[in-house]
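Here's the structure, in structure tokens; my notes come after.
The values are calculated or read from the model by the stated rules, or taken from the named source; none is laboratory data. Note that this is a predicted model, so its numbers are computed, not measured. For neighbour counting, all protein chains shown are included, and Cβ atoms are generated from backbone atoms with ideal geometry for every residue, glycine included. Accessible surface is based on the protein model in full, side chains and every heavy atom, while ligands, DNA and RNA are left aside. Shrake-Rupley method; radii C 1.70, N 1.55, O 1.52, S 1.80 Å.
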Amino acid sequence: MREGIARLLTEAGFEVAAQAGDADAFLRKALAHRPDVAVVDVRMPPDRVDDGLRAALELRRQRPETGVLVLSQYYDEHYAVELIGERADGVGYLLKERVGDVEVFTDAVARVAAGGSVLDTEVVSRMLGRRRPQGALDELTPREREVLAAMAEGKSNSGIADALFITEAAVEKHVTSIFHKLELAPASGGHRRVLAVLRYLRGTADSPTRAP
């Protein structure tokens, strides 16, 4: 799969600086080449458990300016939350099946390279479905939760408008309301969209699973 992804990215106009067959090599080469974005599988040798994720976390620690896009075969919101940590800029988490959709995958790579965030739509959907009312998030209306979920996926206001079939003006109104309800003032110590997404992710990941 590694060769296929490299070829796909090259054909899409990206310059592939290096490839790695295990987590240690991935970290070593990413630190050496200083790419705009590094794409890594959660499960890599030697242990094939979460070696790739651990290497991605270390890369973000040592080179915060390098974007990291993690691919996972299985849905696990805790991986996503751990990867994002305290900042949602320059990071992405996608299920491997998205690689087959070239436009979605290459767009995700480009967004993460540019410092944006990308979260797989399936991950967001499941996290939203698992959430129980708690705290400030419970004050959001159903539409505001949809807008916040789309923000978590990395969509811009125009992208949210297209996805929800509403106007950009309506999106801006909902976003402003979200910031107000989550008490994210313009002077907050960070980008408010990022902070809202982090609040959303932590609120969903910490919620207990609903009984069938």
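Quick notes on this structure:
- Three-way shape label, the stretch 1-67, alpha-carbon gyration tensor, a/c 1.5: oblate
- Here the Karplus relation 6.51 cos²θ - 1.76 cosθ + 1.60, evaluated at θ = phi - 60°, turns the backbone of the stretch 77-84 into coupling constants of 5, 5, 4, 4, 5, 5, 5, 5 Hz, with x for every Gly and Pro.
- In the complete set of protein chains, residue-level accessible area for GLU144 is approximately 10 Å², probe 1.4 angstrom.
- All other residues whose Cβ lies under 14 angstrom from that of ALA185 are scored, Lys and Arg at +1 and Asp and Glu at -1, for a net of +3.
- Sorting PHE165, PHE179 by solvent-accessible area of protein heavy atoms yields PHE165, PHE179, largest first, with a 1.4 Å probe.
- Using a probe radius of 1.4 angstrom, the carbon and sulfur fraction of the accessible surface of the chain is 50%.
- Principal-axis analysis of the Cα atoms of the chain puts helix 121-130 at an angle of about 50° to the longest axis.
- q = 0.16, 0.17, 0.22 Å⁻¹, the stretch 56-157: log10 I(q)/I(0) [Debye, one scatterer per Cα]: -0.70, -0.79, -1.21
- Rounded tilt (10° steps) of 102-113 against the dominant C-alpha axis of the chain: 90
- When both the stretch 9-25 and the stretch 35-65 are represented by their alpha-carbon centers, they are found 13 Å apart.
- In degrees, nearest ten, helix 2-11 long axis to first principal axis of the chain (Cα): 70
- Near GLY90, the amide H atoms lying under 5 Å from its own belong to GLY115, GLY116, SER117; only residues 5 or more places off or on other chains count, and H is placed 1.01 Å from N.
- Sorting HIS78, HIS174, HIS180 by accessible area puts them as HIS180, HIS78, HIS174; the probe is 1.4 Å, largest comes first, and only protein heavy atoms count.
- A straight Cα-to-Cα reach below 23 Å connects LYS29 with the lysines LYS96, residues fewer than 8 places away in its own chain not being considered.
- Using θ = phi - 60° in the Karplus curve 6.51 cos²θ - 1.76 cosθ + 1.60, the 3J(HN,Hα) couplings for the stretch 150-165 round to 5, 4, 5, 6, x, 6, 7, 4, 5, x, 5, 4, 5, 5, 9, 6 Hz; x is entered for Gly and Pro.
- Gyration tensor (Cα) of the stretch 1-114, equivalent ellipsoid semi-axes in angstrom: 18, 16, 15
- Summed over qualifying helices (DSSP H, 4 residues or more, each -39500 (n - 2.57)) and divided by its residue number, the chain shows a 222 nm mean residue ellipticity of -15500 deg cm²/dmol.
- Global dimensions of the stretch 139-188 from alpha-carbon coordinates: Rg and Dmax equal 10.3, 31 Å.
- GLU153 accessible area, 1.4 Å probe, all protein chains in place, Å² to nearest 10: 30
- For the stretch 53-105, the pair-distance distribution built from all alpha carbon pairs, in bins 5 Å wide starting at 0, is 4, 20, 31, 22, 16, 7, 0 percent.
- Nonlocal amide H pairs with ASP41, under 5 Å, H built at 1.01 Å: LEU71
- Cβ-based net charge around LEU164, under 14 Å, with every Lys or Arg adding one and every Asp or Glu removing one: -2
- SER158 - accessible surface, heavy atoms, 1.4 Å probe, Å² rounded to 10: 50
- Farthest toward positive dipole pole in the chain [+1 Lys/Arg, -1 Asp/Glu at C-beta], among GLY90, ALA108, LEU71: GLY90
- Whole-number D in µm² s⁻¹ for the chain, Kirkwood Cα-pair radius fed into Stokes-Einstein, 37 °C, 0.692 mPa s: 185
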